[in-house]
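The values are calculated or read from the model by the stated rules, or taken from the named source; none is laboratory data. Worth saying up front: this structure is predicted, and the values here are computed from it rather than measured. We place every Cβ from the backbone using ideal geometry, glycine too, and count neighbours over all the protein chains shown.
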Amino acid sequence: MPDSPTPPTPPPAPRPEPDAVWRVAVPVPLPRLFDYRPADGAAAAPGDVGRRVRVAFGPRELVGVVADVGAADPDAPAPKPALAAIDDAPLLSGELLDSLRWLARYTHAPLGEVLATALPAELRRGEALPDTRRWGWRLTEAGATALPSLRAGRPRRLAERLAGAAGGAEDEGQLDAAVDGWRAAARTLAERGLAERIELPAAAPLPASAGPALNPDQQAAVDAVVGAAGGFASLLLNGVTGSGKTEVYLHAISDCLARGRQALVLVPEIGLTPQTLARFRARLGVPVHALHSGLSDGERARTWAAALRGDARVVVGTRSAAFVPLPEAGLIVVDEEHDGSFKQLDGIRYHARDFVLVRGKALRVPVLLGSATPSLESLRHAHDGRHAHLRLPARAGVAQPPRVRVVDVRKRPLEAGLSPELLAAIGAALAADGQVLVFKNRRGYAPALLCHDCGWTAHCPRCSTPEHGTAMTVHGGGRRLQCHHCGTRRPVPDACPDCGGLALQPQGAGTERIEEVLAQRFADVPVLRIDRGTTARRDALEQALAGFGTQRGILVGTQMLAKGHDLPNLTLVAVVGIDEGLFSADFRAPEKLSQLLVQVAGRAGRAARAGEVLLQTHHPEHPLLATLLAGGYGAFAEQELALREAAELPPFAHLALIRAEAKDVEHARAFLRAAREALAQVAVPGGGLALNGPLPAPMPRRAGYLREQLLLSSADRRALHAALDAALPAINALPDARRVRWSLDVDPVDLY
């Protein structure tokens, strides 16, 4: 056999530059880097890029990241020394650092703020990278001897648990999940020499369970994903609700793990994470790590660090999980890729789906986007061949599509918005031992409070203008008013502030009022409300659905329940109040409403029992409903794409939104006029850049600030970004920029 080739000689490590400085990205809203001399007199080297450093910034101490190393500006004052280098080695490097630089360029955001957004809160504060070794506790010999004589209390209960632990020690993670307040008890035992903390060996592989056999469509999708391994590919998995998209994910991830690679899975809601984690852990045979805002800062930092070290082989998380390091990446999955929660609406306004597509290309791994109702952007990419289009046209197993029926409620008596036909259908489903979901995408008791004598309506004092009133929502069974935009709360007045009358009446119905009416009418079954008011606690949604189980009963909920929850005994879905979305001024409203209706309808009949969906409306002949009923989401998407193209709207145009807020609206207008002028000066003649505004925002006041906006549109993405690149330095330097709060949102999904 031929001789093995001689391995290449590794390049020498880059040498420090004697007069070089660190160019530090600091988390401040300034689009530049700041020069600092290395801490402790050390020499700056290219290998420092990506290290966190602590620096003095005015009167504050901040944690920044070394973004570059180079010669100091000879015309600037001598750089100050950094206070300290936090990391011995770069924390951000390679693909992740390059992708974050891309994100800063694409969103036109300061690199320091982008890098800070990508780091967990503990690491942003400058704390050390967490220890991700596996630790546990065991009794010492003295502890085992003293156990019978310990007084009753938490230390004794913990000692008894440790005494009975398999292998003589118990993992800290298991103690966290099973024993409240165990850490204080462990410290007490350790101080007395009765227990000790020890490092445990790496967890043994978990038993993996086999899933159901794949149908031909699922197998074809898995083969396409597995066949793309080893290089970048973007694949759109377009499967009807209940078609088994998760099974495709699991098989693709299993193949990824078998190749010794890491997998990242993004889900839209925290509430989906526990259900997804449980299913993945049971099937994959490896620890599955979670990353979402419901975890503590320490838990998020540990998951991030475990991914960085390659210990976390599968990470499941919400939007912020797009930033986890993936040194051994093999697959990225985005479940419910159409969901609006993947777009960050404040701070750095990134879209997690789009960012992981960029990362997947840089990492040379497949990115699988899954949805029953794909975004129009993704469908257009599929039509153009940029995404491979995989289809699952039928429900998996024995489940059949639900029967959909429109209920015309014109001239019908309504009780909390519920028609007699709908109430009768609920009763019939319960009589057959089924479960019912009543969907109303408006939380609270009622959307507004009205005086029946004079017409006064309770408006938010911080979000209303003389021309545009923002109603406060009635909560607490009619006892409290709350603004869902700024959070202002106040009690319901005893009498009308305008006329002094006592005829104050809640108008309309939210989830609280529907729950109240259904609990009275169907008193023999449980009625469970699922909305932000009832699921604020950690794991509250998971616990509520687990308690609800498969018994007959009624769920009343908002769009939280439309996203991926598997309720096998759910036989009836009743959608109440869809009319608000049929006539919205937002050009995306038909797409959002269609996605919501299809997703929530898909909760019914997901197992052996047949399902039914009732759509209650005052507009049964509306074209959107007719299209959905006749041809499904695909027919709607085809029509809507044609309309968007004719109107030169996304995905056939690219938008950027500059919004300004100020106590005095003239300050906001003056800033946007100057910004428009700066953009007009740099726009290429005939380049197709359209500038619309300044105009009042659709919601012209929020939390006491008056809001104006300037909308940029272009059919050419490059032309849009070139204009922003050229104009933003002048816009940042405008005197009015310091008198207003302003933001730039590239590819906005919410124009409000």
From the option list 744, 710, single residue qualifying as assigned to a strand (DSSP E or B), within 12 Å of residue 659 (Cα to Cα) and under 25 Å from the mean Cα position of the chain (by Cα) is 744
Filter result for the condition that a residue is free of Cβ contacts under 8 Å to residues at least 60 places away in the same chain and over 13 Å from residue 656 (Cα atoms), over 726, 722
726
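Restricting attention to helices (runs of 4 or more DSSP H) lying wholly within segment 133-251, give those where 2 or more residues are under 30 Å from residue 388 (Cα atoms).
Values: elements: 141-146, 154-163, 172-178, 182-191, 216-227.
In segment 133-251, 216-227 are the helices (runs of 4 or more DSSP H) which contain 2 or more residues that are under 30 Å from residue 388 (Cα atoms).
I'd like to check which strands (runs of 3 or more DSSP E) are fully inside segment 471-574 and have at least 1 residues that are surrounded by 17 or more Cβ atoms within 10 Å (Cβ to Cβ) and of a type in the set (Gly, Ala, Ser).
553-557
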Just a yes or no: is a residue in segment 644-661 within 22 Å of residue 464 (Cβ to Cβ), modelled with pLDDT of 95 or more and either hydrophobic (A, V, I, L, M, F, W, C) or in contact with a Cys (Cβ under 8 Å, 6 or more places away or on another chain) (or both)?
yes
Of (1) closer than 26 Å to residue 470 by Cβ; (2) among the small types (Gly, Ala, Ser); (3) free of Cβ contacts under 8 Å to residues at least 12 places away in the same chain, residue 693 satisfies every one except (3)
Mind counting the residues in segment 402-427 that are buried (at least 18 other Cβ atoms within 10 Å of the Cβ) and part of a loop (DSSP other than H, G, I, E, B)?
5
Of the residues that sit in segment 378-401 and are surrounded by 15 or more Cβ atoms within 10 Å (Cβ to Cβ) and among the charged types (D, E, K, R), which one is farthest from the chain's Cα centre (by Cα)?
395
Could you check how many residues of segment 738-752 are of a type in the set (Phe, Trp, Tyr) and farther than 19 Å from residue 29 by Cβ?
1
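Among the residues of segment 359-403, how many are among the hydrophobic types (A, V, I, L, M, F, W, C) and under 25 Å from residue 749 (Cα atoms)? First the steps, then the outcome.
Of all residues in segment 359-403, those among the hydrophobic types (A, V, I, L, M, F, W, C) come to 362-363, 365, 367-369, 372, 376, 379, 382, 388, 390, 392, 394, 396, 398-399.
Still in the list and also under 25 Å from residue 749 (Cα atoms): 367-369, 372, 376, 379, 382, 388.
Going through segment 359-403 one residue at a time, the tally reaches 8.
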The lone exception for residue 147 - which of (1) assigned by TED's automatic domain parsing to the domain that holds residue 26; (2) in contact with an Asp or Glu (Cβ under 9 Å, 6 or more places away or on another chain); (3) not small (Gly, Ala, Ser) it fails:
(1)
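Having 3 or more residues that are within 20 Å of residue 386 (Cβ to Cβ) is the bar; report the strands (runs of 3 or more DSSP E) wholly within segment 303-375 that clear it.
Passing ranges, in order: 329-335, 366-371.
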Residue check, residue 116 against (1) touching a Gly at 6+ places or on another chain (Cβ under 8 Å); (2) assigned by TED's automatic domain parsing to the domain that holds residue 55; (3) among the aliphatic types (A, V, I, L, M), all met but one. Which one?
(1)
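Return yes or no: is residue 703 within 27 Å of the chain's Cα centre (by Cα) and surrounded by fewer than 15 Cβ atoms within 10 Å (Cβ to Cβ)?
Judged against the criteria, residue 703 is a match.
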Has segment 29-50 got at least one residue that is buried (at least 17 other Cβ atoms within 10 Å of the Cβ), closer than 29 Å to residue 343 by Cβ, in contact (Cβ under 8 Å) with a residue 12 or more places away in the chain and not aliphatic (A, V, I, L, M)?
yes
Residue pairs qualifying under the 9 Å Cβ cut-off, at least six apart or on distinct chains, with the first in segment 136-151 being under 23 Å from residue 176 (Cα atoms) and the second being at pLDDT below 90 and aromatic (Phe, Trp, Tyr), are 137/182
Near pairs, Cβ below 8 angstrom, 6+ apart or cross-chain, from segment 464-480 (on the phi < 0 side of the Ramachandran plot and at pLDDT below 90) to any residue that is among the β-branched types (Val, Ile, Thr) and in a loop (DSSP other than H, G, I, E, B)
479/492
Out of the residues in segment 590-633 that are over 24 Å from residue 419 (Cβ atoms) and either without any contact (Cβ under 8 Å) to a residue 24 or more places away in the chain or of a type in the set (Phe, Trp, Tyr) (or both), state the one that is surrounded by the fewest Cβ atoms within 10 Å (Cβ to Cβ).
631
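Of these, 433, 339, which one is touching a residue at least 60 places away in the same chain (Cβ under 8 Å) and in the same structural domain as residue 629 (by TED's automatic domain parsing)? First the steps, then the outcome.
Numbers: 339 fails: in the same structural domain as residue 629 (by TED's automatic domain parsing).
Of 433, 339, the one residue that is touching a residue at least 60 places away in the same chain (Cβ under 8 Å) and in the same structural domain as residue 629 (by TED's automatic domain parsing) is 433.
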Going by the conditions given, is residue 724 in a strand (DSSP E or B) and modelled with pLDDT of 95 or more?
no
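Yes or no, residue by residue, for (1) at pLDDT 95 or above; (2) touching a helix residue (DSSP H, G or I) at 6+ places or on another chain (Cβ under 8 Å); (3) surrounded by 13 or more Cβ atoms within 10 Å (Cβ to Cβ):
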site	(1), (2), (3)
191	no, no, no
199	no, no, no
212	no, yes, no
215	no, no, yes
222	yes, yes, yes
236	yes, yes, yes
239	no, yes, yes
242	no, no, yes
245	no, no, yes
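Quick one: which residue in 343, 361 is surrounded by fewer than 20 Cβ atoms within 10 Å (Cβ to Cβ), within 25 Å of residue 316 (Cα to Cα), of a type outside the set (A, V, I, L, M) and in contact with a His (Cβ under 7 Å, 6 or more places away or on another chain)?
Values: 361 fails: in contact with a His (Cβ under 7 Å, 6 or more places away or on another chain).
Among 343, 361, only 343 is surrounded by fewer than 20 Cβ atoms within 10 Å (Cβ to Cβ), within 25 Å of residue 316 (Cα to Cα), of a type outside the set (A, V, I, L, M) and in contact with a His (Cβ under 7 Å, 6 or more places away or on another chain).
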Exactly one condition in (1) in a helix (DSSP H, G or I); (2) touching a helix residue (DSSP H, G or I) at 6+ places or on another chain (Cβ under 8 Å); (3) over 30 Å from residue 403 (Cβ atoms) is not met by residue 673; state its number.
(2)
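May I ask you to list the residues in segment 454-463 that are surrounded by fewer than 20 Cβ atoms within 10 Å (Cβ to Cβ) and not β-branched (Val, Ile, Thr)? Talk me through it step by step, then tell me what you get.
Here is the first cut: in segment 454-463, the residues surrounded by fewer than 20 Cβ atoms within 10 Å (Cβ to Cβ) are 454-457, 459, 461-462.
If the condition is that a residue be surrounded by fewer than 20 Cβ atoms within 10 Å (Cβ to Cβ) and not β-branched (Val, Ile, Thr), then 454, 455, 456, 459, 461, 462 are the ones that fit.
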Just a yes or no: is a residue in segment 586-593 assigned by TED's automatic domain parsing to the domain that holds residue 412, touching a strand residue (DSSP E or B) at 6+ places or on another chain (Cβ under 9 Å) and at pLDDT below 90?
yes
